[in-house]
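Structure, as structure tokens:
The values are calculated or read from the model by the stated rules, or taken from the named source; none is laboratory data. Keep in mind the model is a prediction, meaning the values are calculated, not measured. Quick reminder, even Gly has a Cβ in these numbers, built from the backbone with ideal geometry, and neighbours come from all protein chains shown.
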Amino acid sequence: MEIAKLAGGMANTMKRDKEVEKSGGERSGKNRGPAARKPGWASGLQQLYDSVIEEPLPDSFKDLLSRLDDKR
Amino acid sequence: MSHPERTVSEKADFKKELTEVIPHLRAFARGLCGRPDMADDLVQETMLKAWAAQDRFEPGTSMRAWTFVILRNAYLTDMRRNRFRGEYDEGVAERILTAPAGQEEPLHLSDMHRALLTLPAERREALLLVGAGGFSYEEAAEICGCAIGTIKSRVGRARAALTSMLEEGDIPRRSLDDDLAHGAILKELDAVVAGNGVAAKF
């Protein structure tokens, strides 16, 4: 069953060629690794990643965004 | 393949979406290159490239996936120019992650971080995309420009390496400062870059 899923996924990828998938990562859950085998550090990795997402944006990013409109 | 010039309102939409994706770009970049200051430089470089290439973005598709491709390519280019040496950020050393249930010793963020940085770049990015970024194997394969089976194998190897390091206490101290290790990483990077069809676009 795992092999069938994999083959199906590859066929889809080929069909779509290089185009980036609609709705991206927001559609989670499909084709993920088996959750039951998650090791203890997996939540640590998620925390490490999420802690950066939750950081307030440094001013340098706001400055860059405000400069973008002048670029073209 | 020609894209019409974006209207003012489309540019505004693009900018809004680009703004929303910045925290995700920062998290991915931090995981890839370790040092927060270098990671933020990489994100800014990515934003400028994305802005310049905005005519090539298909409205309605994933801005996160699209910008991750740009960031990844910028990172690989910088790595090959020897800008990043997988440097370890001492600033995180004191922070501790909450202990996963059933584990006696809390997992130290510094250990997690160091273990992550010892992984070859291609495995590290695969694990970041699937294990933290919430991308499916299929989406990660598209971002990296490789087959799904390749991503699965990279994630599997990365997981096995982290389990060995973090659960069996086998963390190399400063292996990335070692020139031999760095040479090996650059060699692998050449392979990653060579196999990446999407890279040519940026």
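Can you spot a residue in the range B:93-111 that is at pLDDT below 95, away from every other protein chain (no Cβ under 11 Å), part of a helix (DSSP H, G or I) and more than 23 Å from B:G131 (Cα to Cα)?
no
For the range B:133-158: of the residues being assigned to a loop (DSSP other than H, G, I, E, B), touching a residue at least 24 places away in the same chain (Cβ under 8 Å) and under 13 Å from the mean Cα position of the chain (by Cα), which is farthest from the other protein chains (Cβ to nearest Cβ)?
Here the answer is B:G133.
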